[in-house]
Amino acid sequence: MRILVVVKQVPDSRASLSVLADGSGLDKAGVRFVCNPFDEFAAEQAVQLREKRSDVDEIVAVTIGPAEALQTLRTTLAMGADRGIQIVVDESVMFDELYLARAIAAAVTRDEQGYDLVLCGKQGIDNDAGDLGPALAEYLGLPHIGAIVELVVNESGDRANAKRQIEGGLEVVETGLPVLLTCEKGLVEPRYPSLPNIMKAKKKPVETVDAKTLPGMAEAAPRATFIGLSPPPAREACTIIEGTPEEMAKELVRVLREEAKVI
Amino acid sequence: MSNSILVFVEQREGTILPASLQLFTLAQQLATEQGGQVCALVVGARIGELASDCAALGPKRLLVADAPPFRYYSPRAYTQAICDAAATVGAQTVLLATTALGRDVGPRVAAKLGGALATDCTSVSSHNGSLRIQRPSYCGKCIAELELPADGLRVLSVRPNTFAAPEPDAAPAAEVEPLAVDIDAIGSRATTLEVVKSDSMHKDVSEVDIIVSGGRSVGSEEDFSILYDLAEVLDGAVGASRAAVDAGQQPRDRQIGLTGKVVSPRLYIACGIDGAIQHLAGMRGSRVIVAINTKADAPIFSAATYGCVVDLFELVPLLAAECKRLLAADS
Ligand SMILES: Cc1cc2nc3c(=O)[nH]c(=O)nc-3n(C[C@H](O)[C@H](O)[C@H](O)COP(=O)(O)OP(=O)(O)OC[C@H]3O[C@@H](n4cnc5c(N)ncnc54)[C@H](O)[C@@H]3O)c2cc1C
């Protein structure tokens, strides 16, 4: 069994972010970049499959982004992936996940062997979109199951059962392999790589490739053009309601009805 | 000419989602600005009368893909249905609601048809035939603006409650056209076996207009009952912070935030929630936010419309009683 894990580097969710004055992007000064938390679930799931089964031949990690994303790829290798593919793109295309998915598909289909499982995060906490996984499945001609919280692969490694979270319940989905899965919180708890594994990861092979040199990508361009970033519209200052709890309850209900008109 | 606007109408157990109805307002706006007719697609199994609810919203064509394999969502089958419908009506723009399904199927449709995609749009406007859209990104800390081209297919999912639904028109214009989808041709290996409903007694946060949400300080599952009482009076649902979920006070499907659900209800009442940036990522888009917290400098107040610096255990029951009185007086 061969497993592909897709990881992306994103700003730490704790970072307070600001936009460059000309709106051309994020002010990266002082911002810590980390592996997208949902992608860590994907990496962890891949490594756990290898620990539990004897038929996992290879785990390949792929990342797409600016050159600095190599650091995130190394973290995934330290978690247990065997080798890495780093696809380098210009930052301006990072907002079009269809384009990113096309480039990843172009990179991984160079290898005729193919993958039995492709694991992605449910969404990146940079674009907050979640387009990449389903789009990659389409480009690879695979079925996909989105936002899974439980995964069981059968003994012979040709079928899988997954539970996915939907509004108001869980969907139980059965599928043949190969398949692409996007990982939701609750699937697994990502491990912290140990120091020896971090050291080992530095020696694992990584292929670095410019997206434009991939098959079919020379002429490809994002269909969605990035125009700019802006801070979210400021909310009006909070109106503090004072008084005894009884007075607060009365006044709050009054403003919600008469001013805000929401109840 | 291919310039129709196709609205994908999502239904769940025989009810059309409000978020899907709201799409008709945007569809009409785009038809006015860019030309083209508004068309609609409903997909499901045995959805009979539902289609007529859509007809009252004024689509010029109303396609219905009604077949047993559509009983549960399947990415490939639904992708095929939407692509077939887009071809049938000559769609240039496909509109979906940003729901679990909309997020899942939109990228496949756009990828399959070689189109442009924008997920979770909160603003859409026309610019010489192209579309300028805004969408929250970086956990809601920034708004990204993108342009989708004037030529080729464009797939947009729109955040619920971004637009108000249009008033139903008494004289529906469209006849229902059955859409035959060649599902066998897809040969998908993935099938949904069943849907296990969670806690069907209470509504899900993604299905309501009002959310009463609790943090770690609520303390226990039993203590959450005062929040459920308030939610029930308001016909809303209960949400929770990750800290409350991690402490086992609420099931995970109630978690709001970065690693939970993103919601944009009309009213969000945060009870004993500190307002961590990862929580704000999930609810900042709510129209009105009420913060109830004992700590006057809790970050939640900076996101709130109204704030009460008070013990939630004192205020929430009083609030429920007061709302009950008000709503009883209405009827
Ligand atoms: C990668 C990542 C993802 C995350 N994803 C999420 C997510 O999806 N959702 C999420 O919520 N968090 C998420 N978090 C966690 C987040 O950072 C916070 O830890 C969490 O939101 C805190 O929850 P809380 O406000 O309930 O608890 P606390 O931070 O403990 O705050 C409790 C609040 O209750 C108030 N309080 C105490 N007693 C009372 C009382 N009697 N009456 C009124 N107020 C009272 C206190 O003043 C305080 O403000 C994530 C963190 C990380 C690193």
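Structural remarks
- Candidates B:ILE133, B:ILE82 - the one that is in the same structural domain as B:LEU17 (by TED's automatic domain parsing), modelled with pLDDT of 95 or more and under 19 Å from B:PRO160 (Cα atoms): B:ILE133
- Enumeration of residues in the stretch B:266-284 that are in a loop (DSSP other than H, G, I, E, B) and either more than 9 Å from every other protein chain (Cβ to nearest Cβ) or within 7 Å of the ligand (Cβ to nearest atom) (or both): B:GLY272, B:ILE273, B:ASP274, B:GLY275, B:ALA276
- So B:ASP229, is it part of a helix (DSSP H, G or I), buried (at least 21 other Cβ atoms within 10 Å of the Cβ), of a type in the set (D, E, K, R) and more than 10 Å from the ligand (Cβ to nearest atom): no
- Considering A:VAL179, A:VAL188, A:VAL209, the condition of being surrounded by 13 or more Cβ atoms within 10 Å (Cβ to Cβ), closer than 18 Å to A:ARG102 by Cβ, touching a residue at least 60 places away in the same chain (Cβ under 8 Å) and assigned by TED's automatic domain parsing to the domain that holds A:LEU100 is satisfied by A:VAL209 alone.
- Candidates are the residues of the stretch B:195-227 that are within 13 Å of A:GLU167 (Cβ to Cβ) and acidic (Asp, Glu); the one that is farthest from the chain's Cα centre (by Cα) is B:ASP199.
- Pairing each residue of the stretch B:265-291 that is assigned by TED's automatic domain parsing to the domain that holds B:VAL158 with any residue that is surrounded by 21 or more Cβ atoms within 10 Å (Cβ to Cβ), provided the two are 6+ apart or on different chains, yields no C-beta distance under 9 Å.
- Scan of the stretch B:232-246 for residues that are in a strand (DSSP E or B) and among the small types (Gly, Ala, Ser), ordered by number: B:ALA237, B:GLY239, B:ALA240
- Top-ranked residue of the stretch B:122-152 - restricted to ones that are in contact with a helix residue (DSSP H, G or I) (Cβ under 9 Å, 6 or more places away or on another chain), part of a strand (DSSP E or B) and crowded, with 16+ Cβ neighbours inside 10 Å, ranked as nearest to the other protein chains (Cβ to nearest Cβ): B:PRO136
- Scanning the stretch B:207-226 for residues that are away from the ligand (no atom under 14 Å from the Cβ) and either crowded, with 23+ Cβ neighbours inside 10 Å or under 21 Å from B:ARG284 (Cα atoms) (or both) yields a count of 4.
- Test: residue in the stretch A:72-92 that is more than 16 Å from the ligand (Cβ to nearest atom), surrounded by fewer than 21 Cβ atoms within 10 Å (Cβ to Cβ), closer than 26 Å to B:LEU156 by Cα and within 13 Å of chain B (Cβ to nearest Cβ): yes
- Those residues of the stretch B:232-251 which are within 10 Å of chain A (Cβ to nearest Cβ) and over 15 Å from B:GLY215 (Cβ atoms), in sequence order: B:VAL233, B:LEU234, B:ASP235, B:GLY236, B:ALA237
- Taken together, the criteria exclude B:GLY102 from residues that are facing another protein chain (nearest Cβ under 8 Å) and either surrounded by fewer than 18 Cβ atoms within 10 Å (Cβ to Cβ) or touching a residue at least 40 places away in the same chain (Cβ under 8 Å) (or both).
- Among the conditions (1) within 14 Å of chain B (Cβ to nearest Cβ); (2) under 22 Å from A:PHE41 (Cβ atoms); (3) out of contact with any helix residue (DSSP H, G or I) (no Cβ under 6 Å at 6 or more places or on another chain); (4) surrounded by 11 or more Cβ atoms within 10 Å (Cβ to Cβ), the only one that A:SER194 does not satisfy is (1).
- In the stretch B:252-265, the residue that is nearest to the other protein chains (Cβ to nearest Cβ) out of those that are part of a helix (DSSP H, G or I) and crowded, with 22+ Cβ neighbours inside 10 Å is B:ASP253.
- Only one of the listed residues (B:ALA180, B:ALA174, B:ALA111, B:ALA170) is surrounded by 24 or more Cβ atoms within 10 Å (Cβ to Cβ), farther than 17 Å from A:GLY124 by Cα and either modelled with pLDDT of 95 or more or more than 13 Å from chain A (Cβ to nearest Cβ) (or both). That residue is B:ALA111.
- Selected residue (only one of B:GLN37, B:GLN28 is within 26 Å of B:SER123 (Cβ to Cβ), surrounded by fewer than 20 Cβ atoms within 10 Å (Cβ to Cβ) and in contact with a Ser or Thr (Cβ under 6 Å, 6 or more places away or on another chain)): B:GLN37
- Applying the set (1) assigned to a helix (DSSP H, G or I); (2) closer than 27 Å to B:ASP184 by Cβ; (3) hydrophobic (A, V, I, L, M, F, W, C) to B:LEU30 leaves exactly one unmet item: (2).
- Some residue of the stretch A:147-157 being at the interface with another protein chain (Cβ under 9 Å from one of its Cβ atoms) and within 19 Å of B:PRO75 (Cα to Cα): yes
- Which numbered condition B:ILE256 fails, given (1) aliphatic (A, V, I, L, M); (2) within 15 Å of the ligand (Cβ to nearest atom); (3) out of contact with any strand residue (DSSP E or B) (no Cβ under 8 Å at 6 or more places or on another chain): (3)
- Among the candidates B:THR79, B:THR88, the residue that is crowded, with 23+ Cβ neighbours inside 10 Å and either polar (S, T, N, Q) or in contact (Cβ under 8 Å) with a residue 12 or more places away in the chain (or both) is uniquely B:THR79.
- Test: residue in the stretch B:314-331 that is more than 9 Å from the ligand (Cβ to nearest atom) and either part of a loop (DSSP other than H, G, I, E, B) or more than 20 Å from B:ILE210 (Cβ to Cβ) (or both): yes
- Residue ID - nearest to the ligand (Cβ to nearest atom), chosen from residues in the stretch B:295-308 that are more than 7 Å from every other protein chain (Cβ to nearest Cβ) and free of Cβ contacts under 8 Å to residues at least 24 places away in the same chain: B:LYS295
- A Cβ distance below 9 Å, combined with a sequence gap of six or more or placement on separate chains, defines the contacts here; from the stretch A:236-248, residues that are without any contact (Cβ under 8 Å) to a residue 24 or more places away in the chain reach residues that are loosely packed, with under 14 Cβ neighbours inside 10 Å in the pairs A:THR239/A:GLU259; A:ILE240/B:ALA296; A:ILE241/A:GLU247; A:MET248/A:GLU242.
The values are calculated or read from the model by the stated rules, or taken from the named source; none is laboratory data. Keep in mind that what you see is a predicted model, and the values were worked out from it rather than measured. A quick note on method: Cβ atoms are made from the backbone with ideal geometry, for glycine too, and the neighbour counts reach across all protein chains shown.
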